[in-house]
Amino acid sequence: MFAGMREIYPQLMAISQVAVATAKALSDAIFRNQHVRLFSNYLVKYATEDSQQESKFAEFATLNPAHLGLPRRFWLTPKRDVTSTPPYLAAIDVARKLPDCESPVTKAMCMVDIGKAIGDCILSYWDKNQLPPDQLLLGADDFLPIFSFVLIKANVPHVFTECKYTEDFLDEFSMSDELGYAVVTCQTSICFIRCLQQKDIEEATASTKGGAVSDRDWLEQQLVYGLLDLASAQKQVVT
């Protein structure tokens with residue numbers, strides 16, 4: 001039985017990949033001329049939810065991974081030099097592309113790519129800092145806050161509408177695959193952010209400071225994050 005599965009599984013995966021590609025092609029063709037009109041209607045319908053989400057993004061604009069109670073290995077603390085980049089920058093850049101996607105499938109694929117970029121950021125950071133991959137297993141309890149952090153830093157406009165639009169028009173097959181998982185992850189992250197309160201940040205901060213990080217290290221890390229946030233804001237103003 002298991003030998004048979006080893007032979008069949010690659011074929012099934014190939015079929016799945018073809019199905020996703022087909023769904024993307026069909027979705028692109030159908031929505032190419034309808035996206036603007038449909039999405040505009042969704043923007044009107046969910047304007048209140050989008051406004052609430054954007055207020056949360058503004059409230060927690062200076063958030064960093066340590067504030068979310070994540071294990072220190074997932075902070076990806078930047079080095080204190082001019083070559084440093086904010087943690088999860090590659091994933092943040094991917095998230096900023098979400099509004100440019102013009103079909104539900106391509107939007108869902110973008111959400112998948114955010115997750116993949118998060119994993120790549122972790123592996124890339126620790127490959128340089130010599131932590132074995134087997135110590136970097138990312139469970140749902142850690143992945144969700146990181147995904148939320150990425151959305152906040154990307155400041156994705158109309159993110160509630162983006163998710164609702166994608167969910168409503170994604171076909172049943174895609175919703176049962178990695179595309180659907182990515183959409184649900186994005187929706188859950190939105191709920192996570194909406195429920196986030198300053199007291200949660202303070203509690204997570206106090207818990208983290210009470211761990212293996214000294215007060216001096218903690219303050220230095222906050223300074224680095226603050227400088228990187230300032231540099232990022234200045235870059236956006238220039239562009």
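Here are some conditions: (1) in a helix (DSSP H, G or I); (2) open to solvent by 70 Å² or more (accessible area, probe 1.4 Å). LEU137 meets all but one. Which one does it not meet?
Among (1) in a helix (DSSP H, G or I); (2) open to solvent by 70 Å² or more (accessible area, probe 1.4 Å), the lone unmet condition for LEU137 is (1).
Got a number for residues in the stretch 167-181 being surrounded by 20 or more Cβ atoms within 10 Å (Cβ to Cβ) and either among the acidic types (Asp, Glu) or assigned to a loop (DSSP other than H, G, I, E, B) (or both)?
1
For the stretch 167-180, enumerate the residues that are closer than 20 Å to PHE143 by Cα and free of Cβ contacts under 8 Å to residues at least 40 places away in the same chain.
Pass one, the stretch 167-180, residues closer than 20 Å to PHE143 by Cα: 175-180.
Within the stretch 167-180, MET175, SER176 meet the criteria.
So, of the residues in the stretch 80-107 that are crowded, with 22+ Cβ neighbours inside 10 Å and in a loop (DSSP other than H, G, I, E, B), which turns out to be modelled with the lowest pLDDT?
Looking at the filtered set, the residue picked out is SER103.
Have a look at PHE143, PHE149, PHE192 and point out the one that is within 10 Å of the chain's Cα centre (by Cα), closer than 22 Å to SER55 by Cα and surrounded by 15 or more Cβ atoms within 10 Å (Cβ to Cβ).
Details: PHE143 fails: closer than 22 Å to SER55 by Cα; PHE192 fails: within 10 Å of the chain's Cα centre (by Cα).
That would be PHE149, the only listed residue that is within 10 Å of the chain's Cα centre (by Cα), closer than 22 Å to SER55 by Cα and surrounded by 15 or more Cβ atoms within 10 Å (Cβ to Cβ).
Restricting to the stretch 151-166, count the residues that are under 12 Å from ALA108 (Cβ atoms) and either without any contact (Cβ under 8 Å) to a residue 60 or more places away in the chain or not in a helix (DSSP H, G or I) (or both). Step through it out loud before you land on a result.
Step one: of the stretch 151-166, the residues under 12 Å from ALA108 (Cβ atoms) are 162-163, 165-166.
Still in the list and also either without any contact (Cβ under 8 Å) to a residue 60 or more places away in the chain or not in a helix (DSSP H, G or I) (or both): 163.
Of the residues in the stretch 151-166, 1 are under 12 Å from ALA108 (Cβ atoms) and either without any contact (Cβ under 8 Å) to a residue 60 or more places away in the chain or not in a helix (DSSP H, G or I) (or both).
Take the conditions at pLDDT below 70, part of a helix (DSSP H, G or I), within 23 Å of ALA182 (Cα to Cα) and open to solvent by 30 Å² or more (accessible area, probe 1.4 Å) and apply them to ILE15. Does it pass? It would help to see each step written out before you state the result.
Details: at pLDDT below 70: yes; part of a helix (DSSP H, G or I): yes; within 23 Å of ALA182 (Cα to Cα): yes; open to solvent by 30 Å² or more (accessible area, probe 1.4 Å): yes.
Criteria met by ILE15.
Restricting to the stretch 132-171, what's the tally of residues that are in contact with a helix residue (DSSP H, G or I) (Cβ under 9 Å, 6 or more places away or on another chain), over 19 Å from VAL94 (Cβ atoms) and charged (D, E, K, R)?
4
The values are calculated or read from the model by the stated rules, or taken from the named source; none is laboratory data. Worth saying up front: this structure is predicted, and the values here are computed from it rather than measured. FYI the Cβ positions are ideal-geometry reconstructions off the backbone, even for glycines, and counts take in every protein chain you see. SASA here: full protein model, heavy atoms, side chains in, ligands and nucleic acids out. Shrake-Rupley method; radii C 1.70, N 1.55, O 1.52, S 1.80 Å.
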